[in-house]
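Inspection log for the structure reproduced underneath, given as structure tokens.
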Amino acid sequence: MMKEQNRCYIVAEIGINHNGDIEIAKQLINVAKVAGCDAVKFQKRTPEICTPKSQWNIERDTPWGRMTYIEYKHRIEFGQAEYDEIDRYCKMMGIAWYASAWDIPSVEFLQQYEIPYVKIGSASATDAELVAACITSKLPLIISTGMCDAEMIDGIVQNVQTLNGTISCLYHCTSTYPSAVDELNLLAIKTLQYKYPDIPIGYSGHEAGLYTTLMAAVLGAVSVERHITLDRTMWGTDQSASLEPTGINRLVRDIRIWERARGDGVLRIYESELPIMKKLRRI
């Protein structure tokens, strides 16, 4: 689906930067809409499945007081009421939404909504059962490849193909938050394009700054994804690697400028050049 577009599909990753507050989530949807993003993305988990049991009862200090880790995970996880409101609000705002599914019940949960994609994040990319559940769901599939080498990515792609699934976009990604510039390896986008010519290749970035994500679009990423936040100093593990409203505005602006400047590669004389030709050329 993404490959059919002649423009980069820009995704604002809200993830869990809403901190369990639906009003913050709606503010972030507003930020993405104003910036001109094509979609916002959330993360859906079943805390008891995704949190190792050995960590459940470890206590930690949070903005909501001291609580166990499993209580904290429930505190920041959206359920039916919140996703119903996200679905309603995004429809009202005219922006698409979807989510990463971290476990099979979360895939089943997301199936009730008319969303354009379901994503498997880098942490789950080698989870064959989760991949199979996503394919069974019939939701178009996106996969990130952070923490994967070439052999692992081959295994992921082959697993999807064996199950007669289709990858709507395969994101090149480095899974550190924030990622060091010398570990972004943006040329891997070209490597993946060459290796999988029938799969749209995108870029999911966790680096500080904007220009490297712009360069991913220049290198041909059909989609780019960046985390967004209202304020990088807010509570949460992903906040510091996220873009504030000014940042996502600039990123979308610069990618769209690049798309206008890119042209079609055909050598031509523009009508606007004709008066200059007449004035300056002697022959």
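Rule-based calculations on the coordinates, nothing more; no lab input. The model shown is predicted, which means the values in this text are computed figures rather than measured ones. Neighbour counts run over all protein chains shown; Cβ positions are idealised from the backbone, glycine included.
Some observations on this one:
- Cβ-defined net charge surrounding Tyr98, 9 Å radius [Lys, Arg +1; Asp, Glu -1]: +2
- For the range 192-283, the gyration tensor built on C-alpha atoms gives an oblate shape. Its axis ratio a/c (a ≥ b ≥ c) is at least 1.5, and a/b is not larger than b/c.
- With Cα atoms, 0 to 90° folded angle of helix 80-93 axis to the chain main axis: 20 degrees
- Cα-based Lys pair tally, the chain, threshold under 21 Å, eight or more apart or on separate chains: 26
- Placing unit charges on the Cβ atoms only, positive for Lys and Arg and negative for Asp and Glu, gives the range 2-280 a dipole magnitude near 940 debye about its Cα centre.
- Electrostatic bookkeeping for Tyr89 treats Lys and Arg as +1 and Asp and Glu as -1; over the other residues with beta carbon under 13 Å from its beta carbon, the sum is -1.
- Backbone amide hydrogens, once placed in the peptide plane, bring Tyr203 within less than 5 Å of His172, Ser223, Val224, Glu225, excluding anything fewer than 5 places away on its chain.
- Counted by Cβ distance under 13 Å from Asn159, the other residues give a net charge of -4, where Lys and Arg count +1 and Asp and Glu count -1.
- Dipole of the range 1-146, positive direction: furthest Cα of Tyr117, Trp64, Ala128, with charges on the beta-carbon: Tyr117
- Helical runs assigned H by DSSP (4 residues or longer) give the chain a calculated mean residue ellipticity at 222 nm of -11500 deg cm²/dmol, each run adding -39500 (n - 2.57) before division by the residue total.
- Structure-derived Rg and Dmax of the Cα atoms in Å: which label, when the choices are [x] 19.3, 64; [y] 20.7, 83; [z] 18.3, 58: [y]
- A run of the chain free of exposed loop cleavage sites, with trypsin sites (Lys or Arg not before Pro) counted only in DSSP states other than H, G, I, E and B and at most 10 other beta carbons within 10 Å, reaches its longest extent at 1-137.
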